[in-house]
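Derivation of every value follows stated rules applied to the coordinates shown; laboratory data play no part. As the structure is a computational prediction, the values presented were derived from the model and not from experiment. Here the Cβ positions follow ideal geometry from the backbone for every residue, glycine too, while neighbour counts run over all protein chains shown.
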Amino acid sequence: MKANADPRYAVEVKDLFVSFRTFKGYAKVLNGVSLHVRRGEKISIVGETGCGKTTTVNAIAQILASQARIDGGEILFRGVDELKMGKKELRDLRSGGISMIFQDPIASLNPVFTIGAQLREVIRYSGADGANNKEARRRMAMNALAETSLPDPERIMENYPFQLSGGMRQRICIAMALATPRDLIIADEPTTNLDVTIQDQVLKTIRGRVEDKGSALILITHSLGVAREVADRIYVMYAGNMIESAPADRIFKKSLHPYTQALMDCIPKLSGGGIAGGIAGRVPNYFSPPPGCRFEPRCRHASAICREKMPGMSEVEEDHSVACFLYRDGR
Ligand SMILES: Nc1ncnc2c1ncn2[C@@H]1O[C@H](COP(=O)(O)OP(=O)(O)O)[C@@H](O)[C@H]1O
Ligand SMILES: [Mg+2]
């Protein structure tokens, strides 16, 4: 089972198809998603609301909703395909391999336990070195808070979530995610619900903590600006497909996919609440998606082949891949 895994990667997703059962039938959302994150690398997935970013990372963390059906693909973590893991392996994955920071810090904290109790529980569950010793757990919890630059960790340990501000709660979630060693941290729009004035600090905290611990990071955002600030490499996603990937600076200097180019044109509008407004047309219906490129109905450069076939990702220069027939010979 480990034969085809690349040891440089913290996680590798290969050709993943996911659909959701709904009252109208199956919505075919992920349409052959592939991505990799190198060990210690920080990547960001950028795209409009509804394009499948959360579905992709929830599949990696194995927390998909019960309506989800995996129709194909592989998710290699520590060299093993998660989709073939047994119960125990999946438990280890959740307790010590991958941790998540969610959009809503209130929903991820339990209102009836103190911050200290919740941190100690996460540490105990992780099975990290020393985690079976009560005093060691307390020390690790205090460290985790202090490392996240939360003032007065001693007091915060005794607090309940409602006693803290939104920014502090999100920092506690970061402290929890990074309290014990992890190969991969996933942050799904971690600053969307926060006041703009503290968004930047929270992003810096995530980046700093992930770098200190040598974990890999997947940051989901609908903002290219945020992605550039945090990530080494950016994936652009459109309607269930990865359509371009490149080092962060590169994609700003020279984006290739017509959709990425349209996103770049929309950057000044991003603060106004998203990118959808700036691009003509809408995301295709997942119940009867077009057979070819899912961006074709909105694309200025579309030609006959784009309506027939779905272009796969291909590397056009080192580390820069795009899924578009414009960059293929003999189109
Ligand atoms: N549990 C679910 N049941 C039905 N459809 C879902 C479910 N979760 C997500 N979807 C659909 O999948 C698509 C992608 O959603 P999502 O992955 O949340 O996108 P994003 O995170 O990029 O906004 C959307 O059309 C959404 O309605
Ligand atoms: Mg989402």
Item to complete: Would you mind getting me the FRET efficiency between D249 and N132? Use the beta-carbon distance for r and R0 = 56 Å, nearest 0.05.
Response: 0.80
Fill in: For the stretch 7-110: rounded, prolate or oblate by the Cα gyration tensor [a/c cutoff 1.5]
rounded
Response to the item:
Beyond 28 Å (Cα-Cα) in this structure, taken from K88/K204; K213/K254; K87/K309; K254/K309, we find K88/K204; K213/K254; K87/K309
Item to complete: Distance between Cα centroids, the stretch 161-199 to the stretch 26-45: provide it in whole Å.
Response: 22
Worksheet entry | Hits among aspartates and glutamates - C-alpha to C-alpha of K28 under 20 Å, sequence gap 8 or more where chains match | D15, E48, D71, E74, E296, E308
Worksheet item: Hey, what D do you get for the stretch 9-327 in µm²/s if you plug the Kirkwood alpha-carbon radius into Stokes-Einstein at 10 °C and 1.306 mPa s?
Response: 77
Worksheet, complete the sentence: With N241 itself left out, Lys, Arg at +1 and Asp, Glu at -1 over residues whose Cβ is under 15 Å from its Cβ give +1
Practice prompt. Averaging sequence separations of C-alpha pairs under 8 Å and six or more residues apart, then dividing by the length of the chain, give the relative contact order as a whole percent.
Written response: 20
Worksheet entry | Percent antiparallel among DSSP beta bridges (both partners in the chain, rounded to 5) | 65
Worksheet item: What is the sum of charges around D232, taking Lys and Arg as +1, Asp and Glu as -1, for the other residues whose C-beta is under 11 Å from the C-beta of D232?
Response: +2
Practice prompt. Count the net charge of all other residues whose Cβ sits under 13 Å from the Cβ of R69, scoring Lys and Arg as +1 and Asp and Glu as -1.
Written response: +1
Worksheet, complete the sentence: CD proxy, 222 nm, the chain: helix-only mean residue ellipticity via -39,500 (n - 2.57) per DSSP H run with n ≥ 4, per residue, nearest 500, stands at -9000 deg cm²/dmol
Worksheet entry | Shape of the stretch 97-136, Cα gyration tensor, a/c cut at 1.5 | oblate
